[in-house]
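Trainee: One structure coming up, written as structure tokens, with questions to follow.
The values are calculated or read from the model by the stated rules, or taken from the named source; none is laboratory data. In this text the structure is predicted, and so the values were computed from the model without any measurement. Here Cβ is always computed from backbone atoms with ideal geometry, including for glycine, and neighbour counts include all displayed protein chains.
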Protein chains: 2
Amino acid sequence: MNPDIARERENATFDVNKLTNILDGGPEKTTRRREIESLVFSDPDFKEDDPNFLSRSERYDQAVRKSVQMILKLREYGIADPEEIQHYKSCVHPDRPEPLDLHLGMFLPTLLNQATPEQMDRFFMPAWNLEIIGTYAQTEMGHGTHLRGLETTATYDPSTQEFVLNSPTVSSIKWWPGGLGKTSNYAIVLAQLYSLGNCHGLHAFIVQIRDINTHKPLPGIVVGDIGPKFGFHEVDNGFLKLENVRIPRENMLMKYSKVAPDGSYVKPPSTKLTYGTMVFIRSMIVGSSAVALAKACTIAIRYSAVRHQSEIRAGEPEPQILDYQTQQYKLFPLLAMAYAFKFVGQYMKQTYLRISEDINHGNFSELPELHALSAGLKAFTTWEANSAIEVCRMSCGGHGYSRSSALPDIYVDFTPTCTYEGENTVMMLQTARYLVKSYRQAKAGQRLSGIVSYLNEAQSRGVQPQPVAARPTVVDVNDLSSLVEVYKLRAAILVDLAAKSIQQELQRRRSQEDAWNNSAIDLVRASDAHCHYVVVKLFADKLGEVGDTAIHSVLSALALLYALHGITKNSGDFLQAGLLSVPQVMQSSLRIKELLSQLRRNAVALVDAFDIHDKKLNSVLGRYDGNVYEHMFEWARRSPLNATEVHESFHKYLKPLRSNL
Amino acid sequence: MNPDIARERENATFDVNKLTNILDGGPEKTTRRREIESLVFSDPDFKEDDPNFLSRSERYDQAVRKSVQMILKLREYGIADPEEIQHYKSCVHPDRPEPLDLHLGMFLPTLLNQATPEQMDRFFMPAWNLEIIGTYAQTEMGHGTHLRGLETTATYDPSTQEFVLNSPTVSSIKWWPGGLGKTSNYAIVLAQLYSLGNCHGLHAFIVQIRDINTHKPLPGIVVGDIGPKFGFHEVDNGFLKLENVRIPRENMLMKYSKVAPDGSYVKPPSTKLTYGTMVFIRSMIVGSSAVALAKACTIAIRYSAVRHQSEIRAGEPEPQILDYQTQQYKLFPLLAMAYAFKFVGQYMKQTYLRISEDINHGNFSELPELHALSAGLKAFTTWEANSAIEVCRMSCGGHGYSRSSALPDIYVDFTPTCTYEGENTVMMLQTARYLVKSYRQAKAGQRLSGIVSYLNEAQSRGVQPQPVAARPTVVDVNDLSSLVEVYKLRAAILVDLAAKSIQQELQRRRSQEDAWNNSAIDLVRASDAHCHYVVVKLFADKLGEVGDTAIHSVLSALALLYALHGITKNSGDFLQAGLLSVPQVMQSSLRIKELLSQLRRNAVALVDAFDIHDKKLNSVLGRYDGNVYEHMFEWARRSPLNATEVHESFHKYLKPLRSNL
């Protein structure tokens, strides 16, 4: 153990294991998670070559091998709880996406949700036993988030009782689905359904794309890998071009909508029925923002405790980087953010489970709020974590650029969350739509409930930007509940501002749509403020559940830092709205400095509490034992370019050059 | 040509070629640059395999091959002007770093600057003719920006008249130098000089590391590649461990400092003599921020003109992405930033040339200001461009993640500028040191000149944060020169705030060093505001040189957008200091929206004016002709994973799995 990092741990003021239990949701959850981790990490079948040293084809190959092992072992051990499967998988492929993700996470669930009993009989068991390996082919080259724009067609031919699938344009080629390129032999294809000359919109079709035995593409199917990407090296994201591919009528997923043999179409009873999966995935992404950021913080903070550099006082030994105020200011607000997002992730999961219970009983009343919340928080947390990971990486000096640090891979595998499952700006605008709608309802005298209920108060109190002198100075920048209040008022004011912008545009005789587009900047800003409020509020709420005094104290400091840092970063909003005075903003800056010093001694313990196994972190900089440099040297020596002492290019180019000059 | 992008070009209000000339520094420069580009791009010897489809070893091999060709051709064509060499190189390796970078950019120049005539005789011509290939080995595993902390030792042995070089610890192993891993047979090694029991600090030594003929490492030399990184795939950044390596006394670079045969040491006449290269490189990085950002903007804006998505008005065709206010708000301020940084880059280059003339005549008076300016602007522009490139990438939807877009590579090859040649936070603090020193001089009644002269005025006018009511409302948010003024006042106030924080810390009986560290957040903030002011000012200054009315008009809109966007993003600073009122900040937001609409029709023309050759851009999304999707499909089909229809992993793992389930 590196003595610096050992000393950090001795100095911590709280019981790390107890905080880990809070993050896991209870001591028994921690125990079970660790059992699963040890199952995987002690299993020789999951031994892997360092992916950094492999070609993409080799990485894909290794990932398929491990996924296959994983499926065998999960069944052998009888692990069936979704959370436990998730833990197991996140150790087998340490937080990396893998080729069977869409088969397990989209193909099977979609069958469960949308297949008829007859279809379940035909497809589910073969898929469960991986004779059928499927993917979910929705996104096209020219269309992502805007589903109505998808161009793939499925035209019903009553004469043969078949659908004929086509990719009518280059931009309609299915593009991006994971596992489509090389792994899958089936795909659920989303296509515009045409029957008897009418278009009935997007529907899902089960299409076989490769031969079960030879794995060769079937006639009319042009399929392959879309090429190398930023991250996702193990995944064969693919393309699929359909050229008059005929499938039996029975291959349309018909649990809700139907096409009869004669071509007549039956609408689904509710459009909300296929809505849930999307909301679920977005809710889960909030949690994965926390996971990725927690990893980046663990690496950056541990390495900052080990790394000595430069001098604060002349002549004295080089201090730990963590003693520099600038380094604390870079990292501790992000550590606070990671905790905030952990708790928001827990909340989203609980809320999803609660509301999906209601939905199963036919009660859809809370779905719109959850939809709006999951869209906005997905965008808010992924954007914030995305920038934060890069700050962590760059806080490690040059070594943050080495793949041995793991930071480049954490970034490239995380950043797509800003785009997939709903592009973030579009998500923010969806939340804004809900906020503006709620605002108008409140204005019309309707009583709002749930998380937007503050729009009632704002309405009745007539919250308006106004000079701070005119507002009772209730804000105490040392008091978290007081800060929750100002975040709430900021959100209310920015929703009001956005709604008024729309109003002004309409008064200039713009159409509703143009008024909306011309207010989009304000709408995104309002959504962002709303999400920020929700995060601060949920962090504060969580503190109420923490009984342990020492942990309560350190989490309170983090929550306060998170809230105050957000205030100084957005001080214009608070000043502009007259919610804070200039002295209060300056006081916030000073308080932040105090909190940085205060958190200094617990920083390493706070990342230790995330309890990320070394094999999962897979970072020489973030090792638990702090023995960074020896392992970095050892890692570098294994680099493929060092397989030979002299690279062939010397003999091919460099040496012959001499005689030519 | 894609009809959308053709229409954009028809609608432009100015002559693109004339703007290109301004960016190049004159029509003759444009002509010559294009000549050089065509020399390279029409040359079959520079044909390359798509690096995205190669292994790292293959990429390195291809880069060495092209570098060797480049050296032959530059001599064949007699291209010797540094700027022209730079153009040529940036086409051969499209803005990618390459294995000979340090030989050409550091090893040869260091010989020229620091070698004695005798050393020039021995080393220069062999190095010029690439018999000797050298690198510059400064950074160690445990030490980067803080040079005094470097641990490598060179101990003089008078009995044999040799230096004995050692890497005494793991953290002292040389780490990161480009070309060190596989390419170089020599290195200039920076080491602590010990002679007759005294340490004389860091000096440079010429060390042979590999055999000239076999290229095998020499005894005592442990050398290799440091492994894969975020970017820089073509470069063999290396490590070097020295184990009692003996070199003759004559291999210490002795133009300035000397060690006599008996071991006595002669100090250099001035410590500023080795200072210039560093300042030069930092100044040039400002320009490369502009280059990288211009590429990213070109790709994002062209693709946003071609890409149709979603709907503004129900039932109408999908609009170009560029018509969305949110997309304009993402991209146009970055386009303005790219122009701003272009002009700042031009200024830094001119200033460097002017001041190095002075230095050659023994006049060092302006060096401290240039040093402070280059440090701060290097940090400011690289940080800003770094985030901006990612915003551009994410504005392209999913395809921004594909390597075919070139955006991932622009980012990973650019982001190291935030760390190398001086870590950015350290750079900001260096600039702050200069600002605080100047502030104190002004306070002591000294008259400052140069770019910090505003600290005089601030002193005499007693600029202080104060309510806006107390300040004459001189600011016109539609007037650029008025905005330059508020940026200046903001910088002055933040320098004042930082200096006062130090003062307060000292009053609390803290040491100078602790007072500095405890004010570091404020110091970085002050530097940032200073740099921001400089950028806005230089952009405004540049407008004065532009004669063409149409171009003047569009550049004015860009400059105003840049300034106003900076104000709304940092509105807290301006409100807090009482420099702007709340209505003025709100007016700024409205004005930004107007500028976005106004710039919309010229957006494509403005990126066209960067005149980045398709082969240099190397992006399917950013193609000049806008024919994106066809080429993306064609590119994907060439991906190595598509070389076979069925990946071997199917037969190895997936098919056998069936019988096991």
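Trainee: So which of B:R623, B:R591 is more than 29 Å from the chain's Cα centre (by Cα) and more than 9 Å from every other protein chain (Cβ to nearest Cβ)?
Mentor: B:R591
Trainee: Tally up the residues in segment A:399-410 that are crowded, with 22+ Cβ neighbours inside 10 Å and either without any contact (Cβ under 8 Å) to a residue 40 or more places away in the chain or acidic (D, E) (or both), please.
Mentor: Number of matching residues: 2.
Trainee: Can I ask one more? Can you find even one residue in segment A:537-545 that is among the aromatic types (F, W, Y) and over 24 Å from the mean Cα position of the chain (by Cα)?
Mentor: Taking every residue of segment A:537-545 in turn, none turns out to be among the aromatic types (F, W, Y) and over 24 Å from the mean Cα position of the chain (by Cα).
Trainee: Among the residues of segment B:410-429, what is the count of those that are facing chain A (nearest Cβ under 9 Å) and of a type outside the set (S, T, N, Q)? First the steps, then the outcome.
Mentor: Here is the first cut: in segment B:410-429, the ones facing chain A (nearest Cβ under 9 Å) are B:411-412, B:415-416, B:418-420, B:423-426, B:428-429.
Retained after the next criterion (residues that are of a type outside the set (S, T, N, Q)): B:411-412, B:416, B:418, B:420, B:423, B:426, B:428-429.
Residues in segment B:410-429 being facing chain A (nearest Cβ under 9 Å) and of a type outside the set (S, T, N, Q): 9 in total.
Trainee: Just checking, which of A:A187, A:A154 is away from chain B (no Cβ under 12 Å), under 29 Å from the mean Cα position of the chain (by Cα), within 20 Å of A:L111 (Cα to Cα) and buried (at least 22 other Cβ atoms within 10 Å of the Cβ)? Step through it out loud before you land on a result.
Mentor: Working: A:A154 fails: under 29 Å from the mean Cα position of the chain (by Cα).
Only one candidate passes the filter, namely A:A187.
Trainee: Now a separate question. So, in segment A:136-151, how many residues would count as being farther than 24 Å from B:R313 by Cβ, within 14 Å of chain B (Cβ to nearest Cβ) and in contact with a Leu (Cβ under 6 Å, 6 or more places away or on another chain)?
Mentor: Residues meeting the conditions: 2.
Trainee: Same structure, new question: Considering each of B:V582, B:V554, B:V536, B:V546 in turn, give the residue that is within 14 Å of chain A (Cβ to nearest Cβ) and either of a type outside the set (G, A, S) or crowded, with 19+ Cβ neighbours inside 10 Å (or both).
Mentor: B:V582
Trainee: Can you run down the residue pairs with Cβ atoms below 7 Å, 6 or more apart or on separate chains, where the first is in segment A:416-429 and on the phi < 0 side of the Ramachandran plot and the partner is small (G, A, S) and not in a helix (DSSP H, G or I)?
Mentor: The qualifying pairs are A:P416/A:G231; A:E423/A:G144.
Trainee: Any residue in segment B:323-345 that's under 19 Å from A:V524 (Cβ atoms) and without any contact (Cβ under 8 Å) to a residue 24 or more places away in the chain: show its pairings with residues that are part of a helix (DSSP H, G or I) and hydrophobic (A, V, I, L, M, F, W, C) at Cβ separation under 8 Å, as long as the two are six or more apart or on different chains.
Mentor: Sorted first by the residue in segment B:323-345, then by its partner, the pairs are B:Y324/A:A520; B:T326/A:L429; B:T326/A:A520; B:T326/A:I521; B:T326/A:V524.
Trainee: Considering segment B:618-640 alone, what residues qualify as being assigned to a helix (DSSP H, G or I) and either touching a Cys at 6+ places or on another chain (Cβ under 8 Å) or surrounded by fewer than 22 Cβ atoms within 10 Å (Cβ to Cβ) (or both)?
Mentor: Residues satisfying the conditions are B:E630, B:H631, B:F633, B:E634, B:W635, B:R637, B:P640.
Trainee: Looking for whichever is of a type in the set (A, V, I, L, M), more than 14 Å from chain A (Cβ to nearest Cβ) and over 25 Å from the mean Cα position of the chain (by Cα) here; the options are B:L39, B:L72, B:L54. Which one fits? So that I can check it myself, show each step before the final result.
Mentor: Details: B:L72 fails: more than 14 Å from chain A (Cβ to nearest Cβ); B:L54 fails: more than 14 Å from chain A (Cβ to nearest Cβ).
Selected residue: B:L39, the only one of B:L39, B:L72, B:L54 that is of a type in the set (A, V, I, L, M), more than 14 Å from chain A (Cβ to nearest Cβ) and over 25 Å from the mean Cα position of the chain (by Cα).
Trainee: If you don't mind, there's one more thing I want to ask. Given the criteria surrounded by fewer than 16 Cβ atoms within 10 Å (Cβ to Cβ) and part of a helix (DSSP H, G or I), does A:M106 qualify?
Mentor: Answer is no for this residue.
Trainee: Taking B:D573 and the conditions (1) surrounded by fewer than 23 Cβ atoms within 10 Å (Cβ to Cβ); (2) under 29 Å from the mean Cα position of the chain (by Cα); (3) of a type in the set (D, E), which numbered condition does it fall short on, given that it satisfies the others?
Mentor: Every listed condition holds for B:D573 apart from (1).
Trainee: Being at pLDDT 95 or above and farther than 14 Å from A:Y487 by Cα narrows it down to one of A:K569, A:K537, A:K542, so name that one.
Mentor: Of the residues listed, the single one that is at pLDDT 95 or above and farther than 14 Å from A:Y487 by Cα is A:K542.
Trainee: Is it the case that segment A:505-528 has a residue that's under 21 Å from A:M428 (Cα atoms), in contact (Cβ under 8 Å) with a residue 60 or more places away in the chain and hydroxyl-bearing (S, T, Y)?
Mentor: yes
Trainee: For segment B:32-86, give me each residue that is of a type in the set (S, T, N, Q) and within 20 Å of B:N618 (Cβ to Cβ). Break it down into steps so the answer makes sense when it comes.
Mentor: Here is the first cut: in segment B:32-86, the residues of a type in the set (S, T, N, Q) are B:38, B:42, B:52, B:55, B:57, B:62, B:67, B:69, B:86.
Answer for segment B:32-86, where residues must be of a type in the set (S, T, N, Q) and within 20 Å of B:N618 (Cβ to Cβ): B:S38, B:S42, B:N52, B:S55, B:Q62, B:S67, B:Q69, B:Q86.
Trainee: OK, next. Of the conditions (1) within 15 Å of B:H530 (Cα to Cα); (2) at pLDDT 95 or above; (3) crowded, with 22+ Cβ neighbours inside 10 Å; (4) not acidic (D, E), B:V484 fails just one. Which one is it?
Mentor: With respect to (1) within 15 Å of B:H530 (Cα to Cα); (2) at pLDDT 95 or above; (3) crowded, with 22+ Cβ neighbours inside 10 Å; (4) not acidic (D, E), B:V484 is out only on (3).
Trainee: Being touching a His at 6+ places or on another chain (Cβ under 9 Å) and surrounded by fewer than 16 Cβ atoms within 10 Å (Cβ to Cβ) is the filter here, so list the residues in segment B:1-34 that pass it.
Mentor: B:R34
Trainee: Given (1) in a helix (DSSP H, G or I); (2) aliphatic (A, V, I, L, M); (3) more than 30 Å from B:F364 (Cα to Cα); (4) more than 14 Å from chain A (Cβ to nearest Cβ), identify the lone condition not met by B:I247.
Mentor: Here B:I247 clears every test but (1).
Trainee: Of (1) in contact with a helix residue (DSSP H, G or I) (Cβ under 9 Å, 6 or more places away or on another chain); (2) surrounded by fewer than 17 Cβ atoms within 10 Å (Cβ to Cβ), B:L130 satisfies all except one. Which?
Mentor: Status for B:L130: all satisfied but (2).
Trainee: Shifting gears a bit: How many residues are surrounded by 23 or more Cβ atoms within 10 Å (Cβ to Cβ) and among the hydroxyl-bearing types (S, T, Y) if we restrict to segment A:157-171?
Mentor: Counting residues in segment A:157-171 that are surrounded by 23 or more Cβ atoms within 10 Å (Cβ to Cβ) and among the hydroxyl-bearing types (S, T, Y) gives 1.
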